[in-house]
Amino acid sequence: MQYHTLFEPVTIANLELSNRFALCAMGPVGLGDKEGGFTQRGVDYYVERARGGTGLIITGVTHAANNVEVHEYPSTPSATVNPAHFVRTAREMTERIHAYGSSIFLQLSAGFGRVFAEMAEGEPPVSASPIQSRWVDEACRPLTVDEIADIVRQCGEAAGIAKEAGFDGVQIHAVHEGYLLDQFAIAFFNQRDDKYGGSLENRLRFAREVCEEIKRVCGDDYPVTVRYSPKSFIKDWREGALPGEVFEEKGRDVAEGVEAARLLETYGYDALDVDVGCYDAWWWNHPPMYQEKGLYRPYAKLVKEAVGIPVICAGRMDDPVMAAAAVADGTCDIVGLARPLLADPDYVNKLRADDTAAIRPCLSCHEGCLGRMIHYKNISCAVNPACARERYARLVPALRRKKVVVAGGGPAGMEVARVCAERGHEVVVFEAKSRLGGNLVPGGVPSFKE
């Protein structure tokens with residue numbers, strides 16, 4: 001294996017992962033049913049990434065607490081809506097994932113707060129303080145101490161249900177991207193004068209209590225990780241800084257980010273899944289195609305140098321040379337892939353076989369993973385029509401091999417040829433021009449072998 005360092009085992013708490021790759025959490029819209037369980041489509045979606053060799057599967061966000069923020073169903077699963085049904089549907093998934101030698105964590109959310117866009121009419125979003133909502137021109141309602149305690153309790157309850165369902169650990173969503181726990185952790189959002197406001201330790205108290213409650217319910221050896229942003233890139237309300245821009249950080253700066261990472265480790269978190277940004281600086285958390293690959297690496301390295309627990313680094317990390325170097329030089333312990341594993345669930349196995357030419361590349365286009373998820377309530381991928389439709393769109397070997405002639409080597413013709421060839425047919429492509437590609441060629445795509 002050319003990239004053998006990426007296939008060495010790594011340990012989170014007492015759990016050994018088979019390799020250094022993790023499927024990072026992506027919005028699981030369309031993968032849950034109206035009772036809070038996983039649909040068959042959701043089960044197949046996660047199992048396919050394990051079958052493709054990914055060492056750690058982290059699910060999309062599931063909501064632990066549903067009494068303060070009432071979330072839309074059947075958008076996403078939730079362990080606490082109907083625990084028996086959740087366990088029944090999740091057990092099939094976790095057992096199949098384990099059969100492929102992979103591990104799986106359930107991502108648990110304490111809440112969205114000011115970035116929640118689905119509050120009932122007349123109900124303001126909640127947050128640490130009466131701050132401005134990200135989406136509407138009204139102030140948030142501060143959570144009471146009793147409400148915080150109830151959310152903490154439900155996070156522990158959800159983790160206990162996840163453990164029963166066969167999940168190897170949980171990831172807390174999140175002291176990142178400006179979600180509810182992050183709104184408590186960042187002074188720009190947190191104006192409280194009780195035990196949850198003021199000092200950094202007080203602002204992180206909510207996140208600390210969540211971890212402690214999960215450890216109390218599930219045991220000290222049960223892995224609890226957290227999605228974490230050491231820098232916010234906030235210039236002002238609803239205004240984020242661009243790459244390379246000189247600005248005054250209103251959110252979490254790097255110095256506080258490193259200190260917070262140290263504190264999260266002392267609180268009992270077993271790994272930090274690092275990115276940067278905030279809903280007010282959206283392009284950092286969801287880097288588009290014109291952002292550089294591996295843009296979180298400098299921040300992951302700062303965190304890694306400050307803590308002794310494993311660090312996951314995502315952010316367009318699908319260049320294997322770059323990923324292997326990041327593990328080798330101590331930037332991170334685990335390479336996080338989200339959209340690249342939507343584009344090609346077999347990425348890891350293909351890399352293990354040194355067959356990089358066969359990897360279907362992610363475009364970082366946001367068309368299927370975010371665009372269709374928002375507008376059509378179902379996750380998908382612009383370059384992988386089988387994404388989240390694995391059972392229905394899988395290419396199976398043809399019962400009888402045929403000779404197929406494809407007239408025209410444009411995008412559609414090449415896709416027809418590819419599908420037919422993968423099913424075992426003999427394919428001949430006729431193209432009038434000197435090279436394949438059609439309208440892809442003026443778009444800047446390199447020429448294809450004829």
Distribution output for the stretch 250-396: share of Cα-Cα pairs per 5 Å bin in percent, first bin at 0, values 2, 9, 16, 19, 18, 15, 11, 7, 2, 1, 0
Under 5 Å between amide H atoms, partner at least 5 residues away or on a different chain: which partners does G60 have, H built in plane at 1.01 Å? M26
Spelling it out for C278: with amide H atoms placed in the peptide plane at 1.01 Å from N, the residues 5 or more places away or on another chain with amide H under 5 Å from its amide H are W284, N285
Relative packing of 14-22, 382-390, which averages over residues the other C-beta atoms within 10 Å, highest first: 14-22, 382-390
Taking amide hydrogens as modeled 1.01 Å from N in the peptide plane, which residues meet the under 5 Å criterion relative to R141, leaving out close sequence neighbours? V126, S127
Cα radius of gyration and Dmax for the stretch 369-411 (Å): 15.0, 41
With both bridge residues required to lie in the stretch 4-393, what share of the DSSP beta bridges run antiparallel, to the nearest 5%? 20
Suppose we keep just the alpha-carbon trace of the stretch 96-247; what are its Rg and Dmax in angstrom? 16.8, 50
In degrees rounded to 10, the 0-90 angle between helix 83-99 Cα long axis and the longest Cα principal axis of the chain is 50
In the stretch 214-249, the chymotrypsin sites (Phe, Trp or Tyr not before Pro) that sit in a DSSP loop and have at most 16 other Cβ atoms within 10 Å of their own Cβ are W237, F247
Any idea how far the Cα center of the stretch 131-160 sits from the one of the stretch 333-399, in Å? 34
Tell me the volume per residue, in Å³, of the convex hull enclosing the alpha carbons of the stretch 249-309. 95
In straight Cα distance, which lysines are under 17 Å from K301, not counting same-chain residues fewer than 8 positions off? K231, K293
Acute angle (nearest 10 degrees) that the helix 40-51 long axis makes with the longest principal axis of the chain, alpha-carbon atoms: 80
Bins of 20 Å, starting at 0 and running to the largest distance - Cα pair percent for the chain: 25, 57, 17, 1
Spatially near lysine pairs across the stretch 311-450, Cα under 30 Å, sequence gap of 8 or more or different chains: 8
What is the Å³ per residue value for the convex hull set by the Cα atoms of the stretch 6-80? 99
List the GluC sites (Glu not before Pro) within the stretch 49-99 that DSSP assigns to loop and that have no more than 14 neighbouring Cβ atoms inside 10 Å. E72
Loop-resident GluC sites (Glu not before Pro) in the stretch 182-278 with no more than 15 other Cβ atoms inside 10 Å, DSSP not H/G/I/E/B, are E245, E248
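A short reminder: the numbers here are calculations on the coordinates, not readings from a lab. This one's a predicted model, so the numbers in the text were calculated from it and none came from an experiment. Counting neighbours? That spans all protein chains shown, and the Cβs are built from the backbone with ideal geometry, glycine included.
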